[in-house]
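Following: one structure in structure tokens, then a few remarks.
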Amino acid sequence: MTQPPEGLKLRPLIGRLAPSPTGVLHLGNARSLLLAWLSIRSGGGQLWLRIEDIDGPRVRSGAIESCLEDLQWLGLDWDGDVQIQSERLSRHQQVLDDLLDAGLAYPCVCTRSEVEEAASAPHESSDADAPVYPGSCRGRWSSEQQATAETGRNCAIRLAVNEDAIPFEDRFAGRCEGQIHGDFVIRKRDGTPAYQLAVVVDDIDSGVTEVLRADDLLPSTPRQMLIYRHLGAESPRFTHVPLVVGPDRRRLAKRHGDTSLARYRREGVTPETIIGALAHSIGWVEEGTRCRAQDLLDGFLDGFDLSSLPHEPMIWSDDRLR
Ligand SMILES: [Zn+2]
């Protein structure tokens with residue numbers, strides 16, 4: 001029997017919900033999580049839940065529990081045990097060591113201000129707050145221990161980047177140029193893995209083939225694809241959907257008032273109202289419709305369809321719940 005050509009090999013459908021519990025779940029998270037859930041469940045795939053708790057401020061106790069409660073209240077389920085990212089730090093470190101040993105990454109002792117000073121021409125960076133690193137420490141030391149011994153400083157670890165871009169096709173955003181913008185940090189100076197590294201290692205280890213998330217992560221996607229490549233793994237298919245923003249068109253945050261699911265729940269708003277408002281913003285239902293996540297899923301059993309999702313951010317205001 002002949003093998004199917006490479007491109008036609010069927011990959012299993014495996015996705016994940018990956019909320020960060022550092023802030024409570026709000027309306028913005030709910031829309032991306034609902035879409036991620038529908039995209040996997042409509043294809044009969046497996047869906048993991050991973051709590052991403054290594055990036056940003058310390059997780060307050062009880063945050064993970066309330067995050068799970070919010071998801072259940074919305075009617076989103078998952079398969080298997082909940083994965084906690086911070087319980088995988090030794091695995092992340094093992095991958096960092098492998099990348100160092102292979103010469104694909106190197107220790108960097110530069111402080112943030114040194115990087116800013118040395119960054120050559122004003123360069124469009126993929127993170128507004130991160131200047132392009134000029135590569136000062138590349139090839140300087142043979143090991144992290146040596147770098148620390150000679151400079152008395154803790155090291156970050158950077159990936160050595162030899163390509164300008166990894167172009168890719170996003171399932172919603174379309175063709176992306178995939179600029180990488182230089183050697184980037186994969187472990188911070190405080191010893192914690194950078195989000196870029198942790199998310200890729202965790203997705204590889206759990207066999208994830210589909211990633212649907214908000215498009216604030218679109219600029220960092222080519223960097224993640226480079227890590228996949230270095231680790232000899234196939235990248236998942238990416239779908240980046242527009243963010244939810246406040247009336248001032250800035251990312252939904254505290255300044256817009258409390259849009260946490262916990263608050264709406266406390267005030268007696270039903271999950272059917274929230275899901276209906278989100279579905280209306282995607283063009284699936286009439287304004288004022290109340291429905292469950294499961295009702296939306298039942299409509300997609302022939303295939304998940306994002307063609308009515310606007311490419312512009314969704315502007316949230318509580319009026320949408322009336
Ligand atoms: Zn450096």
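The values are calculated or read from the model by the stated rules, or taken from the named source; none is laboratory data. Note that the structure is a prediction, hence the values are computed from the model and not measured. Neighbour counts are summed over all protein chains in view; Cβ atoms, including those assigned to glycine, are modelled from backbone coordinates with ideal geometry. When the accessible area is computed, the model is the full protein with side chains, heavy atoms only, and any ligands, DNA or RNA have been set aside. Shrake-Rupley method; radii C 1.70, N 1.55, O 1.52, S 1.80 Å.
Candidates in segment 294-322 are the residues that are over 22 Å from the mean Cα position of the chain (by Cα) and of a type in the set (A, V, I, L, M); of these, the one that is farthest from Gly43 (Cα to Cα) is Leu321. Are any of the residues in segment 19-29 crowded, with 21+ Cβ neighbours inside 10 Å, at pLDDT 95 or above, outside the structural domain of Ser143 (by TED's automatic domain parsing) and not in a loop (DSSP other than H, G, I, E, B)? Within segment 19-29, not a single residue is crowded, with 21+ Cβ neighbours inside 10 Å, at pLDDT 95 or above, outside the structural domain of Ser143 (by TED's automatic domain parsing) and not in a loop (DSSP other than H, G, I, E, B). Hey, could you check segment 144-163 for residues that are touching a strand residue (DSSP E or B) at 6+ places or on another chain (Cβ under 7 Å) and free of Cβ contacts under 8 Å to residues at least 60 places away in the same chain and say which is most open to solvent (accessible area, probe 1.4 Å)? Out of the qualifying residues, it is Glu144. If you take the residues of segment 82-129 that are modelled with pLDDT under 90 and of a type in the set (A, V, I, L, M), which of them is farthest from the ligand (Cβ to nearest atom)? The selected residue is Ala128.
If the condition is being in a helix (DSSP H, G or I) and among the hydrophobic types (A, V, I, L, M, F, W, C), then segment 74-98 contributes Leu74, Leu89, Val95, Leu96.
Applying the condition of being within 12 Å of the ligand (Cβ to nearest atom) and either open to solvent by 90 Å² or more (accessible area, probe 1.4 Å) or charged (D, E, K, R) (or both) to segment 133-143 and asking which residue is farthest from Glu116 (Cα to Cα) yields Arg140. Scanning segment 30-38 turns up no residue that is surrounded by fewer than 21 Cβ atoms within 10 Å (Cβ to Cβ), under 15 Å from Tyr264 (Cβ atoms) and in the same structural domain as Arg255 (by TED's automatic domain parsing). Looking at segment 207-214, is at least one residue within 12 Å of the chain's Cα centre (by Cα), open to solvent by 10 Å² or more (accessible area, probe 1.4 Å) and aliphatic (A, V, I, L, M)? Looking through segment 207-214, at least one residue is within 12 Å of the chain's Cα centre (by Cα), open to solvent by 10 Å² or more (accessible area, probe 1.4 Å) and aliphatic (A, V, I, L, M).
The helices (runs of 4 or more DSSP H) found entirely in segment 226-322 that carry 3 or more residues being open to solvent by less than 30 Å² (accessible area, probe 1.4 Å) and out of contact with any strand residue (DSSP E or B) (no Cβ under 9 Å at 6 or more places or on another chain) are 271-281, 293-298. Quick one: would you say Leu71 is open to solvent by less than 30 Å² (accessible area, probe 1.4 Å), modelled with pLDDT of 95 or more and not in a loop (DSSP other than H, G, I, E, B)? The answer is yes for Leu71. Cβ-Cβ contacts under 9 Å between residues 6 or more apart (or on different chains), taken from a first residue in segment 96-118 that is polar (S, T, N, Q) to a second residue that is within 12 Å of the ligand (Cβ to nearest atom) and not in a helix (DSSP H, G or I), are listed as Thr111/Arg153; Thr111/Arg189. Out of Ile180, Ile166, one residue alone is under 18 Å from Arg229 (Cβ atoms), in contact with a Pro (Cβ under 6 Å, 6 or more places away or on another chain) and modelled with pLDDT under 95. It is Ile180.
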